[in-house]
Amino acid sequence: MNLVDLSFLTGVFVTLFVIIDPPGTVPIFLSLTSTMTAKQRSRAALVAVAVAMLIITVFAVFGRFILDYMHISLPALQFSGGLLLLIVALQLLAGKEGEMAASEGVNVALVPLGTPLLGGPGAIVAVMLFVQQAGGEASRIISLVVAMVALALAMYLAMRFAGVIARVLGDGGVTLVTRISGVLLAAISTQMIFDAIRSFLVSWGVIAG
């Protein structure tokens, strides 16, 4: 028995990578930490990733209990999540990803970097759906954990070396990466919506499962 489901691991990592878009956070991170020293910037990156992973993990573990308590079905969550991700994708394609600013007196590593930029609704919904897809299988649960760790590392490295990445890619390169992420995220969100509609139709007996 394989300890890791590579296909599931890849799907989780790619989907969350596109949703969170670590390279796309580079210009935002640079603008929000422009007055910080290199050491402060590194600490801000670490705190932001820790906050994001904490939020995502809490919803991954307890999200189902919340849904049951509020009588929300998984297809309903999937449909609303798909719509939410589609909105995010359109914002990326329209170049509105940087329309956020730090509120005075608020640690930017917590808000808006930790949440909602990294640990936002899109990532939360996606992880909850992946937990459901894992179905309690050990190989898939391990794959999910590995993918989350790899994603956390990618987020930290993107912000830790934001200055270097920005210089290598240039303004045009960062913009291109962001737009490509928007296209991929739009496709993922559309598939989520279609899957949710199909689940509704199956539950209503309109089509066969």
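The values are calculated or read from the model by the stated rules, or taken from the named source; none is laboratory data. Because the structure is a prediction, the values reported are computed rather than measured. Glycine also receives a Cβ, built like all others from the backbone with ideal geometry; neighbour counts cover every protein chain displayed. Accessible surface areas use protein heavy atoms only, side chains included; no ligands, DNA or RNA. Shrake-Rupley method; radii C 1.70, N 1.55, O 1.52, S 1.80 Å.
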Inset, instruction - Calculate the length of the line joining the C-alpha centroid of the range 1-64 to that of the range 149-189, in whole Å. - result: 11
Inset, instruction - Kindly state, as a whole number, the per residue volume in cubic angstrom of the convex hull around the alpha carbon atoms of the range 4-68. - result: 127
Inset, instruction - Would you work out which of 119, 133, 164 lies farthest towards the positive end of the dipole of the chain, given +1 charges on the beta-carbon of Lys and Arg and -1 on that of Asp and Glu, about the Cα centre? - result: 164
Inset, instruction - State the extension gain, in nm to one decimal, for the chain segment bounded by residue 2 and residue 161, taking 0.36 nm per residue of separation less the distance between their alpha-carbons. - result: 53.8 nm
Legend entry - Förster-model FRET efficiency, 22 Å R0, residue 141 and residue 69, C-beta, rounded to 0.05: 0.45
Legend entry - Rounded accessible area per residue of the chain, 1.4 Å, Å²: 53
Legend entry - Using a Förster distance of 41 Å, the FRET efficiency for residue 80-residue 34 (Cβ separation, nearest 0.05): 0.70
Inset, instruction - Could you check the simple spin-label distance between residue 168 and residue 187, using points 7 Å along Cα→Cβ, in nm with one decimal? - result: 2.4
Legend entry - Within the chain: Cβ-based charge dipole about Cα centre, in debye rounded to nearest 20 (Lys, Arg +1; Asp, Glu -1): 380
Inset, instruction - Ignoring everything but the protein chains, give the 1.4 Å probe accessible area of residue 194 in square angstrom, nearest 10. - result: 120
Inset, instruction - Tally up the carbon and sulfur contribution to the accessible surface of the chain as a whole percent, 1.4 Å probe, everything protein left in place. - result: 69
